[in-house]
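The values are calculated or read from the model by the stated rules, or taken from the named source; none is laboratory data. Here the structure is a predicted model, which is why all the values come from computation and not from measurement. No Cβ is skipped: glycine too gets one built from the backbone with ideal geometry, and neighbour counts run over all protein chains shown. Surface accessibility is based on the protein's heavy atoms, side chains included, excluding ligands, DNA and RNA. Shrake-Rupley method; radii C 1.70, N 1.55, O 1.52, S 1.80 Å.
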Amino acid sequence: MKELKKEDIKQEVFDLYDDYAHDRVSRRLFLDKLSTYAVGGVTVASLLGFISPDYVKKIQIKQDDKRLRSNFITYDSPKGGGEIKGLLSKPADTKEKLPGILVVHENRGLNPHIEDVGRRAALAGFISLAPDALTPLGGYPGTDDEGRELQRKRDRNEMLADFIAAFEYLKDHPECTGKVGVVGFCFGGWISNMMAVNVPDLEAAVPFYGGQPKEGIEQINAPLLLHFGELDKRVNEGWPAYEAALKKHGKEYEAHMYKGANHGFHNDTTPRYDREDAELAWKRTIDFFSDKLT
């Protein structure tokens, strides 16, 4: 069987996977369309396996990493889903209070990749909280397909309330300085933008390829750092209007368009990952938080 590489995959396959991952095509239609690209010794199964996330080999920082204290906690979200579970992480050897980073998952719950990102944020010198908006439905179910199914059952504004409650929990945490920013990916990018609109004391927001707010932009106080993949036409089409509104209202923002990058380019568990762009975007993110939260 042919061993697949990223360069073997046509852009149409990545676009098709994006449609499937964001519920614009059914699984049956996705597999039917995917079969048209299974040529030259490539099977549908091998193609599907290649583009699906690998949470076993790709985790950078393990849950039991001795450099961190990383544990699951619960907090109350009275306007959202009630009691919500989240992964709280901080450097193991730090005695002083730390600025906080809220890490917001994609449209499939708190999967192993986003837990990993939460630990990366802590290892960079912050106290981080990565909530699971699927908690009211039993939590991340173990696969992204099932996670997407569950997340569709929740109201996104109630999930926004869950993350705003997480912000308040982290801000008031005895080991936090009270200065908190948010970083989110895909659905979490939309949450990051919406928190900037709805949370006056949010200190910084970093949406990765996130949907944009249509109103309330004049209310934004937090400086924004926005990351976009050049090939992510679905998300990017809303950026010009958002940027125009940010400029109109004199908001502080910095935006980066990563050439040749797909939606999800920061997620190192799938072949949409672009290592050079992901590492640059993450460095910019940590530098931004270091500047705005300290």
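Can you tell me which residue among Lys58, Lys62 is touching a residue at least 60 places away in the same chain (Cβ under 8 Å), of a type in the set (D, E, K, R) and part of a loop (DSSP other than H, G, I, E, B)?
Lys58
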Can you name the residue in the stretch 41-66 that is more than 24 Å from Asp15 (Cα to Cα) and touching a helix residue (DSSP H, G or I) at 6+ places or on another chain (Cβ under 6 Å) and is also surrounded by the fewest Cβ atoms within 10 Å (Cβ to Cβ) among such residues? Gln60
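Yes or no, residue by residue, for (1) small (Gly, Ala, Ser); (2) within 23 Å of Ser52 (Cα to Cα); (3) free of Cβ contacts under 8 Å to residues at least 24 places away in the same chain:
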position	(1), (2), (3)
Asp201	no, no, no
Ala204	yes, no, no
Gly210	yes, yes, no
Pro223	no, no, no
Arg234	no, yes, no
Pro240	no, no, yes
Gly264	yes, yes, no
Asp268	no, yes, no
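Examine the stretch 115-123 for a residue that is over 21 Å from Tyr209 (Cβ atoms), within 17 Å of the chain's Cα centre (by Cα) and either surrounded by fewer than 22 Cβ atoms within 10 Å (Cβ to Cβ) or not hydroxyl-bearing (Ser, Thr, Tyr) (or both), and state whether such a residue exists. Break it down stepwise before answering.
Filtering the stretch 115-123 for residues over 21 Å from Tyr209 (Cβ atoms) gives 119, 122-123.
Checking the rest, the ones that are also within 17 Å of the chain's Cα centre (by Cα) come to 119, 122.
Now restrict to residues that are either surrounded by fewer than 22 Cβ atoms within 10 Å (Cβ to Cβ) or not hydroxyl-bearing (Ser, Thr, Tyr) (or both): 119, 122.
So far as the stretch 115-123 goes, yes, one or more of its residues are over 21 Å from Tyr209 (Cβ atoms), within 17 Å of the chain's Cα centre (by Cα) and either surrounded by fewer than 22 Cβ atoms within 10 Å (Cβ to Cβ) or not hydroxyl-bearing (Ser, Thr, Tyr) (or both).
Do you know which of the residues in the stretch 250-294 that are among the polar types (S, T, N, Q) and in contact with a Gly (Cβ under 7 Å, 6 or more places away or on another chain) is modelled with the lowest pLDDT? Before you say what the answer is, go through the steps one by one.
Start the filter on the stretch 250-294 by keeping residues that are among the polar types (S, T, N, Q), which leaves 262, 267, 269-270, 285, 290, 294.
Filter once more, so that each one left must be in contact with a Gly (Cβ under 7 Å, 6 or more places away or on another chain): 262, 270.
Working: Asn262: 95, Thr270: 89.
Out of the qualifying residues, it is Thr270.
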What residue, of Glu215, Glu254, is among the acidic types (Asp, Glu) and touching a Lys or Arg at 6+ places or on another chain (Cβ under 9 Å)? Glu254
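Would you please name the residue that is nearest to Arg284 (Cα to Cα), looking only at residues in the stretch 217-233 that are part of a loop (DSSP other than H, G, I, E, B) and open to solvent by less than 10 Å² (accessible area, probe 1.4 Å)? Talk me through it step by step, then tell me what you get.
First, pick out the residues of the stretch 217-233 that are part of a loop (DSSP other than H, G, I, E, B): 220-223, 230-232.
Keeping just the survivors that are open to solvent by less than 10 Å² (accessible area, probe 1.4 Å) gives 220, 222, 232.
Numbers: Ile220: 21, Ala222: 16, Asp232: 20 Å.
Among them, the one singled out is Ala222.
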The stretch 6-39 - residue that is in contact (Cβ under 8 Å) with a residue 40 or more places away in the chain and loosely packed, with under 15 Cβ neighbours inside 10 Å and, of those, nearest to the chain's Cα centre (by Cα): Asp23
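Being acidic (Asp, Glu) and under 13 Å from Phe208 (Cα atoms) is the filter here, so list the residues in the stretch 280-291 that pass it. Can you show your working first?
First, pick out the residues of the stretch 280-291 that are acidic (Asp, Glu): 287, 291.
Residues satisfying the conditions do not exist here.
Conditions (1) out of contact with any strand residue (DSSP E or B) (no Cβ under 9 Å at 6 or more places or on another chain); (2) closer than 22 Å to Arg154 by Cβ, marked per residue:
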position	(1), (2)
Leu47	yes, no
Gln60	yes, no
Phe72	no, yes
Gly80	yes, yes
Ile84	no, yes
Gly100	no, no
Sole residue being touching a residue at least 60 places away in the same chain (Cβ under 8 Å), more than 21 Å from Ala204 (Cα to Cα) and open to solvent by 10 Å² or more (accessible area, probe 1.4 Å), chosen from Asp145, Asp93: Asp145
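So in the stretch 234-256, with the set limited to residues that are within 21 Å of Val180 (Cα to Cα) and outside any strand (DSSP E or B), which one is most open to solvent (accessible area, probe 1.4 Å)?
Initially, the stretch 234-256 is screened for residues within 21 Å of Val180 (Cα to Cα), giving 251-255.
Next, from what is left, pick out any that are outside any strand (DSSP E or B): 251-252.
On the way: Lys251: 43, Glu252: 100 Å².
Residue satisfying both the conditions and the ranking: Glu252.
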Unique residue being of a type in the set (A, V, I, L, M, F, W, C), farther than 25 Å from His22 by Cα and either touching a residue at least 24 places away in the same chain (Cβ under 8 Å) or open to solvent by 10 Å² or more (accessible area, probe 1.4 Å) (or both) when the list is Cys176, Cys186: Cys176
Determine whether Leu170 is surrounded by fewer than 24 Cβ atoms within 10 Å (Cβ to Cβ) and modelled with pLDDT of 95 or more. no
Of the residues Ala261, Ala281, only one is buried (at least 21 other Cβ atoms within 10 Å of the Cβ), closer than 18 Å to Phe126 by Cβ and either out of contact with any Ser or Thr (no Cβ under 9 Å at 6 or more places or on another chain) or of a type in the set (Ser, Thr, Tyr) (or both); which? Ala281
Lone unmet requirement of (1) open to solvent by less than 20 Å² (accessible area, probe 1.4 Å); (2) under 15 Å from Ile191 (Cβ atoms) for Asp155: (1)
